Amino acid sequence: MINLYFILPEIFISLSIMVLLIIGVFKNSSSKLIYTFSYLVVIISLAINVNISDNFSLFNNSYLIDDFSSFIKSIIFITAFFVMLCSYNYVKIGNFLKIEYPILILCSLLGMIVMVSSNDLIVFYIGLELQSLALYVLAAFNRDNLLSSESGLKYFVLSALSSGLLLYGCSLIYGFSNTTNFEEISRNFSFEYGVIFGMVFVLVGLAFKVSAVPFHMWAPDVYQGSPTSVTVLFAMLPKIAALTVIIKFLYGPFLNLFSEWQIIIIFLSIASMILGAVAAIGQKNLKRLIAYSSISHMGYALAGLTTGTNDGIQSTLIYLTIYLIMNLAFFSCLLMLKRDDIYYENVQDLSGLSKKHPILAFCFLIVLFSLAGIPPLAGFFAKFYVFMAVIKEEMFFLAIVGLLTTVIAAFYYLRIIKVIYFDQEKERFDTNFNFGVKFSLAFSTILILLYFINPNIINQFILSISVI
Amino acid sequence: MTNFPILSSLILIPTIGSIFLLFIKSTEKNNSIKYVALFTSLINFFLSLYLWKLFDNNISDFQFVETRIWIKNFINYKVGVDGISMLFIILATFITPLCIISVNNHVKIRLKEFLIAILLMETLMIGVFCSLDLIIFYLFFEGGLIPMFLIIGIWGGNRRVYSAFKFFLFTLVGSVLMLIAIIYIYWLSGTTDVEQLYNLGIDSKYQNYLWLAFFSSFAVKTPMWPVHTWLPDAHVEAPTAGSVLLAAVLLKMAGYGFIRFSVGLFPVASTDFIPLIFTLSLIAIIYTSLVALMQDDMKKLIAYSSVAHMGFVTLGIFTFTHQGLEGSIFQMISHGLVSAALFLSVGVVYDRMKTREIKNFRGLVNIMPKYAIMFMIFTLGALGLPGTSGFIGEFLILMGTFKKSFLAATIASVGVILGAAYMLWLYKRIIFGELLSTIKKEIMPDLKRDEIFILSTLAILIIFLGFYPEPIIKTYAVSIDNFVDVYNSKIETNLVEK
């Protein structure tokens, strides 16, 4: 018998999406109400999810609930909550507050949690597409803006291409192993090379989603073009889901082919770290800069996966968690750069921020040093754990390249700090922020700043997860 | 009182003080802020003196050790002092209040933030000198980059941005390699606890690479030729208090790191790399002394002299003799005092004239006699005249070097002469001669009360230690004896194994 209790979060979100849609259609000017309701939906889903602590597989073993997926789902819900919280003001002022906006976010959330729990190629693909479709629309949400429409279209075309490759890979895997189930694939496949081809295609599709080099081209344009509230989402949520699927995919059915895919991941990791660091140096737009920065951060996260050990996976998850916190803080800062209802997003707009807005400047300082990985901030520990795992496997080349690219990356983070602290001051920004963005900034900055006192506060959830 | 966590208090008090500062409103007069900061740093200074009094000179082990679980089953927070680190802690706590007293004259904007940065710096400096775990050490060592970057970048001179970036990136490159080495040591030995690592020892086949990784970090920080180029820039652009902290304490972190980690953990590799260190140190001594001769900027001249003096320190450490090591530590303490004093002296004239070009000064003795006397003492201290603290360090180092290599000692002695040349020439050009017509008496008054206080404190100490070095030497003698014995026995066992 299928125990639907275990997929209660998924069911709850699907039902809420429908209910909210109906409310939106029948009640006039209900967009604010729906936005508020969607907070509730996310929080309730989180509460339900936390209460499910069993390991269980459903639907002919095509859907798997375990510690790993529950943890990732919790992270997704928390992140989504903060994303919506910190971007509310932006959405209101930018005139994006339509009923579709929160509902699309919930749709992509649903897609992500399906992805995370999937144990079957088809289920996984359905989740992925549900997630992506919602994101295409969100990227182009500011439809009067040329850049936004361009980014939506660009994301759609490239994403469709990568989905095509991914689907082709799935079909190859199915063809050579007669099954789509993750657990059976490893037992079944007869012709190794065919499956390897399939695996590589699927990896390409997933690498596109995490924007690992050389599949990163869309990221800077989409990050810059989309409304900032959507960029926050892009920088955080799809990466969690895609990285989780990479872990499940590689360490599930293809663990036997470790030596085959290890070199691919090492390449993706090194290329992302180097390109992300070098290309960000010349950027003038903060959103574009953070796009390159997130490319290089994904490189570090992938470095943990090259190890083939549980330590490596845990280090990636720690990295991912801290990455989310840092991004939340960064974007909260960015969403505070408002003057007369116009949001500013260029590096030069920050000039001399520290004189008029010392607290905001200090938060920026903490976040940027943390992104650069300077101790004792959280960003350092993220890198520290990853390189602990990498050096344990004696992969010194990866470690040295990785740490030297942090020095290059430090340069462009320092450049922003230089603009904030050393340059001439400009006009004041507004200071009348709503509670949401202030709260998310304070919460994330304090976490970054004080993480070092007891790293186990976050790590304890992750260190109990074992994937292999 | 035996269980009182005195070292952790030393580390934490400046941070607590800086948090207090955050909540004090900065007013036009700014006095309350400065007094809170001064009070904090003085508490720390007296606490460290008390620590020195409690410190038992006859034990070579680590004392006042505190161990706390930090990350379970992984890293422990562990601090402790022995004879080697004791004096550096005193140096750090002694220099910080002097910096805070001196800020009045040269920090015009954002005094509160400046004081917070200085106090945080003090926390990190003390942390570096008493941490007994490699990862804790690394955190303190690297954490220092953030406040120092801001001190140079916000309150620095015209080319402050360039200098701050150079300082930050140079140091970071060296340090990340050290991080890799630290992590690898963890996987090799299962611990990063320094005491345990001393006992376990590290297999000699891994030592060379690990030594090089540590070397890359310490060489940049020392700084050794050819990676010393960040130092003159950073010194020149940093505000006086920043230069003082940099020269007096930050550079000593590297010298301390060489003794504690490079030699302590990798004795075999250290022996193998003696030629490298000797060559680089001698180049640093001769080359940077020559460069110092040619400088137009007073601060830059002193910065280059710091590189030369640190060359003596590394030379002394890698002789692995009692005299060499004792001399190195003494030289570091002495250089901490002398260079701090010199930078403060330059700060005195810079605050009045807003220039540091040597050619803009001449004949200051005519209008600033007190200043001339103070500057004389520091100049003599810097060139190592007998009767000043500079002499004892250099003398011991040269003695140690003679034991190992006659050639190296001869070249280093030439460096001493060059040191005398550039310092005396600097003194002659600034102080003696006729008063330059551009210098007005009104803008160049003689030393003010607080300046006299700071400079005379340093001058008395420099002369006192020159005549009576016993309190310093007594503190580290037993630790150094033990350190050299352990080193020799490790080298012998390694030879036997081969």
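How do A:Ser440, A:Ser466, A:Ser74 line up, fewest other C-beta atoms within 10 Å first? Can you show the working numbers first?
Details: A:Ser440 23, A:Ser466 11, A:Ser74 17.
In order of increasing Cβ crowding within 10 Å: A:Ser466, A:Ser74, A:Ser440.
Within 10 Å of each Cβ in peptide A:450-460, how many partner chain Cβ atoms are there on average? Round it to a whole number, please. Write down the numbers at each step before the final one.
Values: counts 0, 0, 4, 1, 3, 5, 5, 0, 0, 3, 1.
What the average comes to for A:450-460 is 2.
A:Asn61 to B:Thr229: FRET efficiency via 1/(1 + (r/R0)^6), r the Cβ-Cβ distance, R0 56 Å, to the nearest 0.05? Walk me through the numbers on the way to the answer.
Details: r = 63 Å, r/R0 = 1.13.
It comes to 0.35.
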Pair A:Asn456, B:Ile59: separation of 7 Å Cα→Cβ label points (nm):
2.9 nm
Extreme residue, positive dipole direction of segment B:273-467, given options B:Gln323, B:Thr288, B:Val414 (C-beta unit charges)
B:Thr288
Round to a whole angstrom and tell me the spacing of the C-alpha centers of segment B:44-118 and segment B:188-230.
23 Å
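In whole percent, what relative contact order does chain B give with Cα contacts below 8 Å and a gap of six or more residues? Before the final figure, lay out each step's value.
Working: 806 pairs, mean separation 77.9, N = 498.
It rounds to 16 percent for chain B.
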Reachable lysines, given that their alpha-carbon falls under 17 Å from the alpha-carbon of B:Lys474 and they are not under 8 places away in the same chain
B:Lys53
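Can you give the FRET efficiency for A:Ser171 and A:Arg428, using 1/(1 + (r/R0)^6), R0 = 60 Å, r = Cβ-Cβ distance, to the nearest 0.05?
After rounding, the FRET efficiency stands at 0.55.
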Round to the nearest 0.05 the FRET efficiency obtained for A:Ile44 and B:Ser32 when R0 = 56 Å and r is the Cβ-Cβ distance.
0.65
Label-point separation in nm, B:Ile274 to A:Ser14, each point 7 Å along Cα→Cβ:
7.7 nm
Against the 2.2 N^0.38 Å rule of thumb, the C-alpha Rg of segment A:276-468 sits at a ratio of 1.06
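For the pairs A:Lys338/A:Lys426; A:Lys209/A:Lys418; B:Lys252/B:Lys299; A:Lys73/A:Lys338; A:Lys418/B:Lys34; A:Lys73/A:Lys239, note any where the Cα-Cα span goes beyond 21 Å.
Working: A:Lys338/A:Lys426 13 Å; A:Lys209/A:Lys418 33 Å; B:Lys252/B:Lys299 19 Å; A:Lys73/A:Lys338 33 Å; A:Lys418/B:Lys34 26 Å; A:Lys73/A:Lys239 13 Å.
Violating the 21 Å Cα-Cα cut-off are A:Lys209/A:Lys418; A:Lys73/A:Lys338; A:Lys418/B:Lys34.
For chain B, what is the convex hull (Cα atoms) projected area averaged across all directions, in square nanometres? The partial results should precede the final answer.
Values: hull surface 88.3 nm².
Averaged projected hull area, Cα only: 22.1 nm².
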Calculate the mean, over all residues of peptide B:171-181, of how many other protein chain Cβ atoms lie within 10 angstrom of the residue's Cβ.
5
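If you average the sequence gap of Cα pairs under 8 Å that are 6 or more apart and divide by the length of chain A, what percent do you get for the contact order? List each step's numbers first, then the result.
Working: 747 pairs, mean separation 66.1, N = 468.
Relative contact order comes out at 14 percent.
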Shielding by other protein chains, A:353-363, mean Cβ within 10 Å:
1
Can you run phi through the Karplus equation (6.51, -1.76, 1.60; θ = phi - 60°) for segment A:411-423 and list ³J(HN,Hα) in whole Hz, with x for Gly and Pro?
4, 6, 5, 4, 4, 5, 4, 4, 4, 5, 9, 9, 8
With +1 on each Lys and Arg Cβ and -1 on each Asp and Glu Cβ, and nothing else charged, work out how big the dipole of chain A is about its Cα centre, in Debye to the nearest 20.
1240 debye
Between 0 and 90°, nearest 10: helix B:470-497 axis offset from chain B longest Cα axis
40 degrees
For chain B, find the longest principal axis of its Cα atoms and tell me its angle to the long axis of helix B:160-189, 0 to 90°, nearest 10.
10 degrees
For segment A:301-321 and segment A:68-103, what is the separation of their C-alpha centers, rounded to whole Å?
26 Å
How far is helix B:274-293 tilted off the main Cα axis of chain B, in degrees rounded to 10, range 0 to 90?
0 degrees
Could you give the semi-axes, largest first, of the ellipsoid that matches the protein assembly as shown, computed as the square roots of 5 times the alpha carbon gyration tensor eigenvalues and rounded to whole Å?
56, 33, 23
Using the basic label-point model (7 angstrom from Cα toward the beta carbon), what is the B:Asp296 to B:Asp203 distance in nanometres?
5.7 nm
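Rounded to the nearest 500, what is the protein assembly as shown's calculated 222 nm mean residue ellipticity when only DSSP H runs of at least 4 contribute -39500 (n - 2.57) each, over all residues? Display every interim value, and only then the final one.
Values: 40 runs with 709 residues, N = 966.
When only DSSP H runs of four or more count, the value is -25000 deg cm²/dmol.
When the convex hull of the Cα atoms of segment B:290-402 is projected onto a plane and the area is averaged over all directions, what value comes out in nm²?
Numbers: hull surface 28.3 nm².
Here the figure is 7.1 nm², rounded to one decimal.
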Using each residue's phi in segment A:116-123, evaluate 6.51 cos²θ - 1.76 cosθ + 1.60 at θ = phi - 60° and report the 3J(HN,Hα) Karplus result to the nearest Hz, with x for Gly and Pro.
5, 8, 5, 10, 8, 4, 6, 4
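What order, most packed first, do the peptides A:239-245, B:465-471 have when packing is the mean number of other Cβ atoms within 10 Å of each residue?
Numbers: A:239-245: 24.6, B:465-471: 15.4.
Highest mean packing first, the order is A:239-245, B:465-471.
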Placing unit charges on C-beta atoms (Lys and Arg positive, Asp and Glu negative, everything else neutral), compute the dipole magnitude of segment A:281-435 about its Cα centre in debye, rounded to 20.
280 debye
Determine, for A:Glu183, B:Glu442, the number of other Cβ atoms within 10 Å of each Cβ, and report the residues in order from fewest to most.
B:Glu442, A:Glu183
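Please tell me the relative contact order of segment B:283-330 in percent, rounded to the nearest whole number, where contacts are Cα pairs under 8 Å and at least six residues apart. Intermediate values should be presented prior to the final figure.
Numbers: 41 pairs, mean separation 14.5, N = 48.
Relative contact order, segment B:283-330: 30 percent.
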Segment A:378-401 and segment B:359-415 have their Cα centres apart by a whole-number Å value of 45 Å
So the compactness index of segment A:1-114, its C-alpha Rg divided by 2.2 N^0.38 Å, takes the value 1.13
Sorted by Cβ neighbour density within 10 Å, fewest at the top, the residues A:Glu394, A:Glu150, B:Glu394, A:Glu10:
A:Glu394, A:Glu150, A:Glu10, B:Glu394
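Quick note: the coordinates plus some simple rules give every number you see, no bench work behind them. No experiment lies behind these values; they were computed from the predicted model shown. Note that each Cβ is placed from the backbone with ideal geometry, even for glycine, and that neighbours are counted across all protein chains shown.
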